[in-house]
Amino acid sequence: MSLVMVRAREMYLARVPISLLIAGAVVLGATAATRAQPAPSGPPAVGVVEAIKRPITETSEFLGRIEAVNRVNVVARVTAFLEKRLFEEGNEIKKGDKLYLLERGPFEADLASKQAVVAQLQATLENAKLTTDRAHTLLGGPAGQQSTYDAALANQRSLEAQVQSAQAQVQSSQINLDYTDIRSPIDGKIGRTAVTEGNVVTPGSGVLTTIVSQDPMYVIFPVSVRQGLELRERYAPRGGLDAVVIKLRLPDGRLYDQTGKLDFVDNTIVQSTDTFTVRGVIPNATLPASTADNPVRQLTDGEFVTVLVEGVQPVEVLAIPRAAVLADQQGDYVFVVGSDNKVEQRRVQLGQSTATLASVISGLSAGEKVIVEGLQRARPGQPVAPAPASPQFDVILKAATAGAPTNAAPAGGAKPAGNSK
């Protein structure tokens with residue numbers, strides 16, 4: 001191409017309108033944007049489970065306190081010097097074990113003196129009986145006088161009364177002597193001593209030490225009147241107190257491995273708290289590291305625990321995974337997939353529920369498909385692509401309905417009834 005033709009082409013391009021160049025750029029940009037848009041996608045995928053009836057153990061939680069079945073405050077019954085302490089503080093002891101030895105000398109001397117008085121009176125009484133017998137014999141002869149016999153008989157009876165009084169004094173002295181050996185009246189764990197050797201103790205000295213029984217233990221907990229009525233309505237037709245067992249959650253969160261039974265419901269409501277007291281009995285097992293001489297128990301008198309009141313027999317309820325339940329200001333609800341694969345919102349009322357399982361009283365029918373996965377993609381009225389939920393939900397449901405320990409909660413996921421944590 002010649003130099004003349006090149007210059008002619010440049011002059012032609014220079015005369016092309018700028019508007020045509022801009023229009024071409026717009027067309028090219030629109031074509032590129034069209035190619036960048038993704039193809040239309042299908043409905044969002046969600047995982048569903050079928051709402052069916054499952055066995056669930058009904059559980060209610062309360063805050064309780066461990067209390068010893070027997071508690072004894074050991075006190076002195078006589079005034080004496082404390083000669084020796086015969087126990088190790090904090091050990092378990094048996095009924096009849098000696099705890100303290102008080103000074104015995106003064107009481108032994110007093111007992112011997114009272115016994116001597118009895119012996120003297122008994123000798124006098126024997127002589128009086130002989131006198132009475134002789135006076136009675138003489139009544140049949142001329143020398144006998146009724147007045148002599150009556151005086152002898154009265155003297156004999158007076159001496160008999162004196163002997164009885166003296167014997168009572170001996171018994172009292174013997175009791176006081178026995179009080180110098182202070183023994184345990186029950187089996188249990190003994191606390192620390194309040195008085196050391198060499199001090200004088202009296203009946204007014206106060207408590208020397210305290211003994212609390214160890215096995216079994218009481219667990220005491222308050223129940224609100226409302227919750228008590230619910231429990232009565234639930235378990236009265238099934239056997240009352242025999243229809244439930246109690247379990248304990250210890251302060252460190254562990255579930256105690258022993259179960260107990262309810263044995264007492266108070267007959268008075270505390271007006272200030274609108275509650276009444278319920279008591280259960282539960283074994284107090286020893287720890288594995290315990291020894292025969294010094295067993296270590298798992299429950300301690302005065303300890304705070306969480307009491308789980310569970311039904312003995314599971315009940316059939318319409319149940320779904322707890323993860324499927326959502327809540328707002330109006331209450332609890334779930335998303336279900338209708339026959340046309342569209343999402344429907346259902347308001348539900350929950351019954352006894354656990355951390356993994358929710359029982360539905362109303363708002364849901366058996367056989368409906370409840371969304372448990374992909375809830376963030378579910379919108380009421382929008383179509384979805386349902387599929388069976390992950391196998392982990394089947395594992396959770398089986399574990400929950402098989403009686404695995406769970407943290408029970410009442411309807412709506414609120415705090416447990418009673419004075420719960």
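The values are calculated or read from the model by the stated rules, or taken from the named source; none is laboratory data. Everything numeric in this text was worked out from a predicted model, so none of it was measured. Positions of Cβ are backbone-derived with ideal geometry, glycine not excepted, and every protein chain shown enters the neighbour counts. Ligands, DNA and RNA are excluded from the accessible area calculation, which covers all protein heavy atoms including side chains. Shrake-Rupley method; radii C 1.70, N 1.55, O 1.52, S 1.80 Å.
With a 1.4 Å probe and all protein chains left in place, how much of the accessible area of segment 42-169 comes from carbon and sulfur atoms, in whole percent?
Here carbon and sulfur together make up 50 percent of the probe-accessible area.
Sorting check: for 311-321, 339-349, which peptide has the highest mean count of neighbouring beta carbons within 10 Å, and how do the rest follow?
My ranking of the peptides, most packed first, is 311-321, 339-349.
Please go through the residue pairs 95/261; 98/247; 114/189; 261/369; 94/114 and name each one whose alpha carbons sit more than 31 Å apart in this structure.
98/247; 114/189; 261/369; 94/114
Which shape class, rounded, prolate or oblate, goes with segment 126-192 when its Cα gyration tensor gives a ≥ b ≥ c as root eigenvalues, a/c under 1.5 marks rounded, and past that a/b bigger than b/c marks prolate?
prolate
Can you classify segment 89-206 as rounded, prolate or oblate using the Cα gyration tensor, where a ≥ b ≥ c are the square roots of its eigenvalues, rounded means a/c under 1.5, and otherwise it's prolate if a/b beats b/c and oblate if not?
Judged from the Cα gyration tensor, segment 89-206 comes out prolate (a/c at least 1.5, a/b above b/c).
Under the rule a/c < 1.5 gives rounded, and otherwise a/b versus b/c splits prolate from oblate, where does segment 213-290 land using the Cα gyration tensor?
The shape class here is prolate.
Could you report the accessible area of residue 157 in Å², rounded to 10, computed with a 1.4 Å probe on the protein chains as they sit in the structure?
150
Using label points projected 7 Å from each Cα along Cα→Cβ, tell me how many nm separate residue 366 and residue 98, to one decimal.
7.2
How charged is the neighbourhood of residue 77? Take every other residue with its Cβ under 12 Å from the Cβ of residue 77, and add Lys/Arg as +1 and Asp/Glu as -1.
-1
Sort 97, 242 by heavy-atom solvent-accessible area, probe 1.4 angstrom, most to least.
Listed by decreasing accessible area, they come as 242, 97.
Over the alpha carbons of segment 275-384, what is the largest minus smallest coordinate on each principal axis, giving the biggest first in Å?
72, 34, 28
Give me the extension gain from residue 290 to residue 158: residue separation times 0.36 nm, minus the current Cα-Cα distance, reported in nm with one decimal.
41.2 nm is the gain from fully extending residue 290 to residue 158.
Sort 265-274, 249-258 by packing, meaning the average of other beta carbons within 10 Å per residue, with the highest value first.
249-258, 265-274
Summing +1 for each Lys or Arg and -1 for each Asp or Glu, what net charge is found among the other residues whose Cβ lies under 14 Å from the Cβ of residue 148?
For residues surrounding residue 148, the net value is -1.
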